[in-house]
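Here's the structure we're looking at; comments come further down.
The values are calculated or read from the model by the stated rules, or taken from the named source; none is laboratory data. Here the structure is a predicted model, which is why all the values come from computation and not from measurement. So basically every Cβ, Gly included, is an ideal-geometry build from the backbone, and we count neighbours across all protein chains shown. To get the accessible areas, we keep the full protein, side chains included, count just its heavy atoms, and leave off ligands, DNA and RNA. Shrake-Rupley method; radii C 1.70, N 1.55, O 1.52, S 1.80 Å.
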Amino acid sequence: MYTFQVKNLFIASTLVLGMSVASAQDGLVNSLKVNASEKSVESFKFTDVINLANTSIKNQGSSGTCWSYSTNSYLESEMIRLGKQPVEISQVFSARNAYVEKGKNYVRMHGAVTLGDGGELHDVINMYKKYGAVPQEVYSGLNYGTTKNKFAEMSGITEALLTAVVKNPNGELTPNWEKAYAAVIDSYLGEVPKTFAYKGKNYTPQTFAKELIGINPDEYVEFASYSTEPYYKKTMMMVPDNWSFDLVYNVKMNDMTAIIDNALKNGFTVAWATDVSEKSFSWKNGVAYVPTKNYDDMTKEEKEIMFNGPKEEPEITEEMRQKAFDNYQTTDDHAMHIVGIAKDQLGKEYYIVKNSWGATNDYKGYLYVTKDFVKYKTTSFMVNKAGVPAAISSKLGA
């Protein structure tokens, strides 16, 4: 029976709250550097089965905005699927608007809700629907001389500002706090343009989303799997960074990979949120799987060869998955973009996953993740309704 690993103390103390603090992103990436083996690339022989079109690898920098990078990457692939010329959608525009809405929600909830960089896949869709979208070249979010996102200072100031608002020192809130909050964000990320020119034509964020990107936000559905809740019904996504309290469809564990497989086989990529703070997740080697033995019980030699070639995995059960979620062994760490399926030299299938940490690993920004890892460690995923198998879709009434 597979026993659960004890996570790195840093992860336990800073990421139990999900993707919520800019500095936690740096801590997460740094904590994974030791998860590597020598000669990993030589030991795996991957062959593509499906590899759907996607845009170039990006780098989210020192910001907890993986949810925005992954979902906007997903929307860019949706543009390709629809026969459109893809454009790099401003990830920070989506994040900036989510920060504004999150601040409002934080004050309404008297501070009793998560605050910070973190978010969920649906936040990009919700912000797209309300605010539209802009190209990266129009709104980069790099407003004070940096070449990569660096949000820790901004996060500290905005949190202090909202904490002061919640204390309500005047005895009644003024409308000015919202202006002050937005002004702080804009001083770091830049003011949002009301209109802008792109390839010789003028747009607003709303007309750019409608006319050039052209996706219908109502076509996208989000899933999770909790054995404690009724299946095929909508339920609350029980993670701290679901600050908007969105509901998701609850499906059985095996339905998750069935939906992902069906989507990929029909030309749809998938936005994916998961736990990556695992000893069996190697960013450097670009491989993730579920080991049959607890890491603490491995010998030194076993640890050294964890990513040197395919390994056996235990049978993943719904009970095992739920227990890991409930005892914080599965946490809402990171979001990425599933773009295909590959097989190793033994015929085992892996998902091809696009990350947003730059092209710095063995596979130039991509990873190969086993289906068992996805069953065990997924916190949520999003797909176009048309990618859901008919048998599952009929149960949802979607």
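For segment 251-266, take each phi angle, set θ = phi - 60°, evaluate the Karplus expression 6.51 cos²θ - 1.76 cosθ + 1.60, and give the result in whole Hz per residue in order, putting x for glycine and proline.
10, 5, 3, 5, 5, 4, 6, 5, 5, 4, 4, 5, 4, 4, 5, 9
For segment 68-134, what does the accessible surface come to per residue with a 1.4 Å probe? Please give it in Å².
Here the residues of segment 68-134 average 29 Å² of exposed surface.
Which of the peptides 43-54, 331-342 is most tightly packed, and how do the rest follow, judged by the mean count of other Cβ atoms within 10 Å per residue?
Ranking, from highest mean packing down: 331-342, 43-54.
Stick to Cα atoms and the Kirkwood definition of Rh, then tell me Rg/Rh for the chain.
Looking at the chain, the ratio lands at 0.96.
Which whole-percent values make up P(r) of segment 150-265 when all C-alpha to C-alpha distances are grouped in 10 Å steps starting at zero?
So the P(r) values, bin by bin, are 10, 21, 25, 29, 14, 1.
Residue-wise, which Karplus ³J(HN,Hα) couplings in Hz belong to segment 384-390, taking 6.51 cos²θ - 1.76 cosθ + 1.60, θ = phi - 60°, and x for glycine or proline?
5, 3, 5, x, 7, x, 4
What are the ³J(HN,Hα) values, in whole Hz, obtained from phi via the Karplus relation 6.51 cos²θ - 1.76 cosθ + 1.60 with θ = phi - 60°, for each residue of segment 149-161 in sequence order, with x given for Gly and Pro?
4, 8, 9, 4, 5, 4, 4, x, 5, 5, 5, 5, 4
What whole-number distance in Å separates the alpha-carbon centres of segment 91-157 and segment 274-332?
If we compute the Cα centre of each part, the gap is 32 Å.
Report the FRET efficiency, 1/(1 + (r/R0)^6), for ASP326 and VAL34, where r is their Cβ-Cβ distance and R0 is 41 Å, rounded to 0.05.
So the FRET efficiency works out to roughly 0.90.
Per the Cauchy relation, a quarter of the hull surface: what is the mean projected area of the convex hull of the alpha carbons in segment 242-398, in nm²?
Orientation-averaged projected area of the Cα hull: 10.3 nm².
When all C-alpha to C-alpha distances in segment 147-187 are sorted into bins of 5 Å, what percent of pairs does each bin hold, rounded to whole numbers?
P(r) over segment 147-187, rounded to whole percents: 5, 21, 29, 20, 12, 6, 3, 2, 0.
With the crude spin-label approximation of a point 7 Å out along Cα→Cβ, what separation in nm comes out for LYS45 versus HIS110?
Computed distance between label sites LYS45 and HIS110 equals 6.4 nm.
For the chain, which whole percent of the accessible surface, found with a 1.4 angstrom probe, sits on carbon and sulfur atoms?
Heavy-atom surface of the chain belonging to carbon and sulfur, 1.4 Å probe: 52 percent.
Considering only the other residues whose Cβ falls under 9 Å of the Cβ of TYR249, what net charge follows from Lys and Arg at +1 and Asp and Glu at -1?
Value of the local net charge: +1.
Please compute the modelled spin-label separation between ASN294 and SER394, points set 7 Å along Cα→Cβ, answer in nm with one decimal.
4.5
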